[in-house]
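Taking it in order: structure first as structure tokens, then the write-up.
The values are calculated or read from the model by the stated rules, or taken from the named source; none is laboratory data. Since the structure is predicted, the reported quantities are computational estimates derived from the model, not experimental observations. Note that each Cβ is placed from the backbone with ideal geometry, even for glycine, and that neighbours are counted across all protein chains shown.
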Amino acid sequence: MESGLILIFTFHLITLRGERVGRKRRKIIRRPVIKPFPKLFSCPICGQETVTVYHETNSESAKVICTNCGVCEEVKWYPAYAPVDAYADFYDKLTQGYTSLKLTNPHLTMVEEIHEDRAKLLEQASDNHSSEARVVSFVNYKGGVGKTTLAVEISAALAYHYNKKVLLIDADPQSNATFYLMEETMWENFAQQARTIKELFDAALRKDITELQHFDIRNIIVSDNLRVHDYTKNLHLIPSHLDLYEIDIELARMLGKGAHSLMILWQAIRNIKADYDYIIIDCPPNMYLVTQNAIVASDGVIITLLPEYLSRIGIALIVRMIDDINQKMMQHASIFGGQFKSTRVMGIIFNRVRYGAHGILSDQSYNIQEVRKKYGDLVFNTLIRESVRIAQRPLQRIPISISGYQQDRQYEESIREVAREFLKRFEENEI
Ligand SMILES: Nc1ncnc2c1ncn2[C@@H]1O[C@H](COP(=O)(O)OP(=O)(O)OP(=O)(O)O)[C@@H](O)[C@H]1O
Ligand SMILES: [Mg+2]
């Protein structure tokens, strides 16, 4: 009898707990947590598939933005309201004769400002189209100083905010720039189809180097289907391969062929220079032969560094190495058909600058001042702050400089500033 009572009591408890748990679960499922809604819609204004509906957790409204023409709107969000309905609302308003929508939310006003800025910048950019790409390598033999982050972010900013056609070449076997923009599964497909930068160097090793002109580098360019292409079609990528690290060893064996082994990249990109405004090369953290190839192929080099003592004293070494490469190539200018131009250091960018209550931390500030004293205008005015949001960015495959997220705004601005300085250096100096 007693055990019967206990059984009934336990059964009730289980039922009660089950119901409670069940109710709790349903509640969680109903809470709107979609951000961003991953589907893209066509914009009723510009017709591009660049309308994104997204929503911040715990807010009661969703945001609808066309990243192409900048139209945006806030729509009320209810738990039962699907993102597709949010888009339908937006579409209705626009097709009922609104040409611009009054924005009610300060967050959205900021988004509108960004788009206004962008329209101005695009206007300026269209005056400035260059006939042949400038080639720029991001170099430092030290690791973890922001070569990849800034190569990718500046490339995206040039493509999106300044309407430049940009090819980003990932020349680092770590393939960080590749995975900044490309899903791993997509990369696997490209690697299987032999469509990475490794193919170029493999071809150079297999053949007589002078036959390289038969290698069509266009076959390894990714010009579509990256997430970044929802924002801009102007950014293309040549992915890297993890096995590229073996190439340096093989290239070293080829050194018997002298300057030829440093001309592989120069030769390969010659034919596509007319297709782009900028070709940006993300280099590995060393000065071996792949990096030297990138330097030879480049008009200019950007050195990224941390505001630390060891980084600071490393600049002189990098500059000297670039001078050595220039001198070596000058001696062989005839094999470039007289076209070899020496590569210039075009800028030094400080990354991961840390701020305390009274501005930049004093030891970092001291290092920055010392570098400014020695290298003057070569140092970019814009400093890139240390930020967790920058560190998390590659996971999203959307560079911070174009994401449009409110939380990214401060960093988006500083990257856009760096990109503006970058353009100024190359376009005013006619490099
Ligand atoms: N401003 C920043 N704030 C915070 N983290 C950053 C910042 N810039 C870069 N990082 C992070 O620091 C790490 C190194 O950056 P990055 O990969 O760009 O350097 P790198 O010079 O290309 O490195 P490597 O030489 O290994 O290729 C990355 O995890 C990156 O996300
Ligand atoms: Mg890197």
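The set of residues from region 337-366 being more than 16 Å from ligand 1 (Cβ to nearest atom) and either within 30 Å of ARG270 (Cα to Cα) or not assigned by TED's automatic domain parsing to the domain that holds ASN326 (or both) comprises GLY337, GLY338, GLN339, PHE340, LYS341, SER342, THR343, ARG344, VAL345, MET346.
Restricting attention to region 155-185 and to residues that are small (Gly, Ala, Ser) and assigned to a loop (DSSP other than H, G, I, E, B), the residue that is surrounded by the most Cβ atoms within 10 Å (Cβ to Cβ) turns out to be ALA171. Close Cβ contacts (under 8 Å, 6 or more residues apart or on different chains) running from residues in region 279-292 that are farther than 14 Å from ILE303 by Cβ and in a helix (DSSP H, G or I) to residues that are modelled with pLDDT under 95 and among the charged types (D, E, K, R) comprise LEU289/ASP248; VAL290/ASP248. Pairs linking a residue in region 379-399 that is assigned by TED's automatic domain parsing to the domain that holds ILE360 and closer than 24 Å to GLY356 by Cβ to a residue that is more than 7 Å from ligand 1 (Cβ to nearest atom) and of a type in the set (Phe, Trp, Tyr), with Cβ atoms under 7 Å and 6 or more positions apart or on different chains, are LEU383/PHE350; ILE384/PHE350; ARG385/TYR355; SER387/TYR411; ARG389/TYR411; ILE390/TYR411. Looking only at residues in region 400-418 that are within 15 Å of ligand 1 (Cβ to nearest atom), in a helix (DSSP H, G or I) and of a type outside the set (D, E, K, R), the one that is modelled with the highest pLDDT is VAL418. Among the residues of region 175-185, the ones that are over 11 Å from the mean Cα position of the chain (by Cα) and more than 17 Å from LEU200 (Cα to Cα) come to 3 in all. TYR141 meets all of the listed conditions (1) within 23 Å of ASP243 (Cβ to Cβ); (2) within 10 Å of ligand 2 (Cβ to nearest atom); (3) out of contact with any strand residue (DSSP E or B) (no Cβ under 7 Å at 6 or more places or on another chain) but one, namely (2). When region 372-391 is filtered for residues that are within 16 Å of ligand 2 (Cβ to nearest atom) and in a helix (DSSP H, G or I), the ones remaining, listed by number, are ILE390, ALA391.
Any chance you could count how many residues in region 144-156 are out of contact with any Leu (no Cβ under 7 Å at 6 or more places or on another chain) and near ligand 2 (Cβ under 9 Å from one of its atoms)?
Initial filter on region 144-156 (out of contact with any Leu (no Cβ under 7 Å at 6 or more places or on another chain)): 144, 146-150, 153-154.
Filter again for near ligand 2 (Cβ under 9 Å from one of its atoms), leaving 144, 146-149.
Qualifying residue count, region 144-156: 5.
Out of GLY314, GLY356, report the one residue that is within 16 Å of ligand 2 (Cβ to nearest atom), surrounded by fewer than 22 Cβ atoms within 10 Å (Cβ to Cβ) and either at pLDDT 95 or above or more than 23 Å from the chain's Cα centre (by Cα) (or both).
One residue alone meets the criteria, GLY314.
In region 186-200, which residue that is of a type in the set (D, E, K, R) and not in a loop (DSSP other than H, G, I, E, B) is farthest from the chain's Cα centre (by Cα)? So, considering only residues that are of a type in the set (D, E, K, R) and not in a loop (DSSP other than H, G, I, E, B), the one farthest from the chain's Cα centre (by Cα) is GLU199.
Starting from region 348-367, keep only residues that are farther than 10 Å from PRO307 by Cα, then list their pairs with residues that are in a helix (DSSP H, G or I) and of a type in the set (Lys, Arg) whose Cβ atoms are within a distance under 6 Å, requiring at least 6 positions of separation or different chains. Close Cβ pairs satisfying both conditions: none exist. On the basis of being in a helix (DSSP H, G or I), surrounded by 14 or more Cβ atoms within 10 Å (Cβ to Cβ), assigned by TED's automatic domain parsing to the domain that holds VAL296 and polar (S, T, N, Q), does GLN369 make the cut? No: the conditions fail for GLN369.
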